[in-house]
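Have a look at the structure below before the remarks.
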2 protein chains.
Amino acid sequence: MQSFNPPVRTLMGPGPSDIHPRVLSALARPTIGHLDPEFIRMMDETKELLKYAFQTTNELTMPVSAPGSAGMETCFVNLVEPGDKVIVCINGVFGNRMKENIERFGGEAIVVADDWGTAVTPEKVEAACQANPDAKIVAFVHAETSTGACSDVAAICQIAQKHDCLTIVDAVTSLGGIELKVDEWGVDAIYSGTQKCLSCVPGLSPISFNEKALEKVKNRSSKVPSWFLDLNLVLGYWGGGAKRAYHHTAPVNALYGLHESLLMLKEEGIENAWKRHADMHQQLKTGLEKMGIKFVVDEASRLPQLNSVWIPQGVDDAKIRSTLLNEYNLEIGAGLGDFAGKVWRIGLMGDTARKEKVLFCLAALNEVLPN
Amino acid sequence: MQSFNPPVRTLMGPGPSDIHPRVLSALARPTIGHLDPEFIRMMDETKELLKYAFQTTNELTMPVSAPGSAGMETCFVNLVEPGDKVIVCINGVFGNRMKENIERFGGEAIVVADDWGTAVTPEKVEAACQANPDAKIVAFVHAETSTGACSDVAAICQIAQKHDCLTIVDAVTSLGGIELKVDEWGVDAIYSGTQKCLSCVPGLSPISFNEKALEKVKNRSSKVPSWFLDLNLVLGYWGGGAKRAYHHTAPVNALYGLHESLLMLKEEGIENAWKRHADMHQQLKTGLEKMGIKFVVDEASRLPQLNSVWIPQGVDDAKIRSTLLNEYNLEIGAGLGDFAGKVWRIGLMGDTARKEKVLFCLAALNEVLPN
């Protein structure tokens, strides 16, 4: 067995996205202790940078020491108590996963269903809230990674608020790629991942809870059924102040990477990052449409960073993707769940949303697709 | 705000330990997709290397995508069902944390208590098993990171087996540093961390389950109260075969680092690594005793890789540690829990167990301690 030297790929799937050399080299900096004052200073900066990315002033804004799935679980395991009724909007794989989370922690899931490839319908959420006045939480996905559909966070949060429900929002694929304003839109709890539009390596999950959500965590009638993800404990470590209580050993070098990628987002300016994703999407769209390739999602709710397109008729899905991977070192995403074998998902996330990569992808597709 | 450039420290605390440049540079290799065939090949190699480190043939041997605390939780959340009686041995912080895990998942903890700084007494475990014939699991820590005491895994597993109990063993600080033979000793489920004697960055938790433990997971009467850590789901991703079901996005670059550190362990030979830790401990011990510094743990159950020593009388704990950190870039560990302010924990783990580091540590202590 030998050292693993990965091939150099262009990552245009649903994540991980391409990593900037600045972030890769940050990962290799010397490890220091997780209670070292210098490390704590870096943690504090990371929290500040994450607040900027989420557009929030929430004190509880931090990266969970595990991938996005653990960020999802952090929200549900802390906020759902046994017997709680939770309205959950399902329009793809990740809405469904929210439902599984709710049920694992003893909640009752009230499903608001929308077709794959469409946004969550706010009117249906309103109806579900009216029909379930005892519901405590509304949970939904901002950017459905499985379909490429974008839902209206502000509208759904407003409905939830009116009905006195907390909101849990999945922003795994949206953070850093499209407009997302946690405070202005009234989001109560939100989670994301580092390997999408933040263009950092996978393995961390940024979350943010406002005071209302935190109050619920602090006033639970039962203990959180997780030790690792219990925010009452985690906050002793990640909370404010120089004195940190040991909870777990933070993934030191992964956090170096996140710090660097967030710093790059700050340097670019978040509005510029949003615009870059939108512009690159336009460029990709123009090229794909020239090839006769059609989008799954209507223009109005289409995500720029996750482009779901129908696989042209008569084309061998697996063969094309493996040709792209093996001969072009280009990864595009397969369809997931209901969309397996039917769609491709072309990601333009973070550092992948660059003109040279869009043009390369279009040229490669042109070569491998039958005319 | 600027890029974070950490100081270069010598890490002689309870972990993280010093990282070899080969491991650091592996972290910075280009990220590829977590479903890329090349990545899957690397995952398979990592599993093989971990089997070597654990001295096991268990098929279910893999790194959990989160720090050691999550490996602990993986064992307890999968194996403890509501109402299960679990015998838990407490002789330091981490035995106590096991108890908290048991209770979070609805188990009943039967405590076998031993003094801090001593090993778990097998006779007490035998008595607890006899007094609780309905107990299902015996859980204990191999190498107590909070005290530096080593317990007899083989003896305790034998007792558990006789009483038809599964065993859960915490090997966070032992894996790679001292003799550990999962199959020969009859361990059923075990977890570790990457940042101790494997000398990799923190953030992953190697685990291993034998068939008997896996059977219990597969035949639970209730669902695992975690989605992220449910081995029934995780195995669809990390299990055998080339076809992987998506579960979560693996921390790609962190796994590059683990692969490299395990490869280095294989190259050195695990018996040689154990001997190196023992030898370096002897060297440190000789030097410390010359200074009149006394060990907390009896020689018979003393861990070579985690040296708990009494802080000499009249010495200002915090001042000495911060002088070492600020003027020597040397981190040694503070006491934890009952031992806070009373002991130092000097780690000789993985790449820290080197002659140059031991001698440096002794020389620095000589300079900063009052004569």
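What follows is calculated from the coordinates using simple rules that are stated; it is not laboratory data. Everything numeric here is computed off the predicted structure, so don't read it as measured data. FYI the Cβ positions are ideal-geometry reconstructions off the backbone, even for glycines, and counts take in every protein chain you see.
Using alpha carbons only, how many angstrom separate the centre of the range B:286-341 from the centre of the range B:123-154?
Answer, in whole Å: 27.
Summarise the partner chain shielding of A:58-68 as one whole number: the mean count of Cβ atoms from other chains within 10 Å of each residue's Cβ.
Rounded to a whole number, the mean comes out at 3.
Nearest 500 deg cm²/dmol is fine: what mean residue ellipticity at 222 nm does chain A get from its DSSP H runs of n ≥ 4 alone, each adding -39,500 (n - 2.57), divided by its residue count?
So the helix-based figure for chain A works out to -12500 deg cm²/dmol.
For chain A, what is the convex hull (Cα atoms) projected area averaged across all directions, in square nanometres?
18.8
Can you give the average number of partner chain beta-carbon atoms within 10 Å of each beta-carbon in peptide B:69-79, as a whole number?
3
Taking chain A as a Gaussian network, Cα atoms linked when under 10 Å apart, which of A:Val315, A:Val297, A:Val217 shows the biggest mean-square fluctuation?
Result: A:Val315 has the largest fluctuation of those listed.
What are the label-to-label distances in nm, one decimal and shortest first, from A:Gln282 to the same spot in the other copies, with labels 7 Å along Cα to Cβ?
7.3
Which of the residue pairs A:Lys196/A:Lys275; A:Lys136/A:Lys218; B:Lys124/B:Lys275; B:Lys51/B:Lys223; A:Lys294/A:Lys357; B:Lys181/B:Lys212 have a Cα-Cα distance greater than 22 Å in the structure shown?
In this structure, B:Lys124/B:Lys275; B:Lys51/B:Lys223 exceed 22 Å between Cα atoms.
7 Å along Cα→Cβ for the label point: how many nanometres lie between B:Leu359 and each equivalent label in the other copies, listed shortest first?
In ascending order, 5.8 nm.
Using +1 on the beta carbon of Lys and Arg, -1 on that of Asp and Glu, and nothing else charged, what's the dipole of the range A:262-307 about the Cα centre, debye to 20?
The dipole magnitude comes to about 140 debye.
Quick one: putting +1 on the C-beta of Lys and Arg, -1 on the C-beta of Asp and Glu, what dipole do you get for the protein assembly as shown around its Cα centre, in Debye to the nearest 20?
Dipole magnitude for the protein assembly as shown comes out near 700 debye.
Evaluate 2.2 N^0.38 Å with N set to the residue count of the protein assembly as shown, then give the Cα radius of gyration divided by it.
0.95
What aspartates and glutamates sit close enough to A:Lys47 to cross-link, taking a C-alpha to C-alpha distance under 12 Å and skipping anything fewer than 8 places away on the same chain?
A:Glu59
By count of other Cβ within 10 Å, fewest leading, how are B:Glu103, B:Glu327 ordered?
Final ranking by Cβ density, sparse to dense: B:Glu327, B:Glu103.
Taking the alpha-carbon distance from A:Lys319 and a cut-off under 16 Å, which aspartates and glutamates remain once sequence neighbours fewer than 8 residues away in the same chain are dropped?
Cα-Cα hits under 16 Å: A:Glu327, A:Glu331, A:Glu367, B:Asp36.
Over the protein assembly as shown, what is the percentage of antiparallel beta bridges among all DSSP beta bridges, to the nearest 5?
The answer is about 50 percent antiparallel.
Give me the inter-chain shielding for A:254-264: mean count of other chain Cβ atoms within 10 Å, whole number please.
Counting Cβ atoms of other protein chains within 10 Å of each residue's Cβ and averaging gives 3.
DSSP H helices in chain B with Cα extent of 15 Å or more along the helix axis and mean Kyte-Doolittle hydropathy at least 0.0?
Membrane-span-like by this rule: B:68-79, B:252-268, B:355-368.
Work out the length of the dipole vector of the range B:21-266 about its Cα centre, built from +1 on the beta-carbon of each Lys and Arg and -1 on the beta-carbon of each Asp and Glu, and round it to the nearest 20 debye.
640
Which Cα, out of A:Asn78, A:Tyr256, A:Leu229, lies furthest along the positive dipole direction of the range A:21-266 (beta carbon charges, K/R +1, D/E -1)?
Checking the options against the dipole of the range A:21-266, the answer is A:Tyr256.
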